[in-house]
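The values are calculated or read from the model by the stated rules, or taken from the named source; none is laboratory data. Everything numeric here is computed off the predicted structure, so don't read it as measured data. Reconstructed Cβ throughout: ideal geometry from the backbone, glycine too, with neighbour counts over all protein chains shown. These area figures cover heavy atoms from the full protein model, side chains too; ligands, DNA and RNA do not enter into them. Shrake-Rupley method; radii C 1.70, N 1.55, O 1.52, S 1.80 Å.
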Amino acid sequence: MLGGQGHYARARAALDVLDRLTTGSSTHSDRILASLSASTRASLLRQSGRHALASTWDGRALAIVGGLPVDPEAACDALTGLAADALGCGRLPLGWRLLGECRTRLGGEGGLWRQEIRIEWVSAELALAGGDFARARRHAERAVELSGKSESVRHRVKSDLLRSAALTGTDPSSAVESAAEVLARCQQYGLLPLAWASSLLIEGVSGGRTSPSAREIGDLIAMRGGSLLPLS
């Protein structure tokens with residue numbers, strides 16, 4: 001939640017506490033928590049554009065639960081993270097393979113809505129990176145459908161943002177209009193990283209500036225301990 005609101009310094013501090021509590025423990029529950037902590041650290045790095053460094057933490061997260069009995073939640077967090085890291089490093093085929101492994105581990109598991117939504121998110125992002133806007137929209141629409149059944153505002157908002165991104169290749173004006181609605185919701189709920197991403201989309205497609213601008217939102221994130229890569 002702290003990371004979703006852009007409170008990166010506070011999020012890292014909370015993870016530091018969790019890591020101290022689980023370091024050296026061999027119990028199943030503590031190893032799951034340690035893995036989820038590593039995945040969360042990777043997510044914070046990935047949000048700042050540092051995908052190669054994030055992959056180190058996601059790899060660690062997967063290794064921590066590698067020898068545990070079948071428990072797909074933490075492993076799938078790590079695998080979808082690694083897939084997103086591969087995307088950020090331009091390794092799209094690897095990203096698709098990692099998502100395939102994640103789907104295999106989920107199998108017929110029910111109730112893991114967050115993992116299922118994240119698979120659709122990364123699938124949409126991989127499709128976008130490959131220029132397949134139709135496929136991206138299918139995955140984004142599925143994420144919207146799944147998140148609509150959850151109580152997580154952030155998951156609903158991010159799914160809508162990905163649907164907006166999928167529209168950029170076929171209907172740019174609708175993409176901007178949709179992203180503007182997402183930006184307003186981000187501001188309403190304090191979802192600063194998603195507000196930044198929404199603003200980037202709007203400014204990149206429309207050529208205009210949002211209020212606040214992507215750069216201004218990025219500056220606020222930096223004040224909260226987020227170290228975003230500079231805008232070009």
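Structure data summary
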quantity	calculated
Added length on full extension, which subtracts the Cα-Cα distance from 0.36 nm per residue, Asp30 to Val153	41.5 nm
Globularity ratio of the chain, using Cα Rg and 2.2 N^0.38 Å	0.99
Degrees between helix 8-22 axis and first principal axis of the chain (Cα, 0 to 90, nearest 10)	10
Residue-normalised accessible area of the stretch 80-232, expressed per residue, 1.4 Å probe, Å²	48
Solvent-free Debye scattering, log10 I(q)/I(0), computed from the Cα coordinates of the stretch 58-171 at q = 0.15, 0.23 Å⁻¹	-0.63, -1.29
Extension reserve of the Val17-Glu216 stretch, reckoned as 0.36 nm per residue once the Cα distance is removed	68.5 nm
Nitroxide proxy distance, nm - points 7 Å out along Cα→Cβ at Arg224 and Tyr189	1.3
Phi-based couplings in Hz for the stretch 153-165 (Karplus 6.51, -1.76, 1.60; Gly and Pro marked x)	4, 4, 5, 5, 5, 5, 4, 5, 5, 5, 5, 4, 4
Trypsin sites (Lys or Arg not before Pro), loop per DSSP, at most 13 other Cβ atoms within 10 Å - longest free stretch of the chain	1-148
Modelled FRET efficiency - R0 22 Å, Leu92 with Arg138, Cβ distances, 0.05 increments	0.85
Other-chain or far-sequence residues with amide H under 5 Å of Gly6's (modelled H)	Leu192
Cβ charges +1 (Lys, Arg) and -1 (Asp, Glu), total dipole of the chain, debye	260
P(r), alpha carbons of the stretch 119-231 - 10 Å bins starting at zero, rounded %	16, 45, 34, 5
Per DSSP, loop GluC sites (Glu not before Pro) in the stretch 145-211 with at most 11 further Cβ within 10 Å	Glu151
Within the accessible area of the chain (1.4 Å probe), percent carbon and sulfur	54
Hz values of 3J(HN,Hα) by residue in the stretch 44-53 - Karplus curve (6.51, -1.76, 1.60), Gly and Pro given as x	4, 5, 5, 4, 8, x, 9, 5, 5, 5
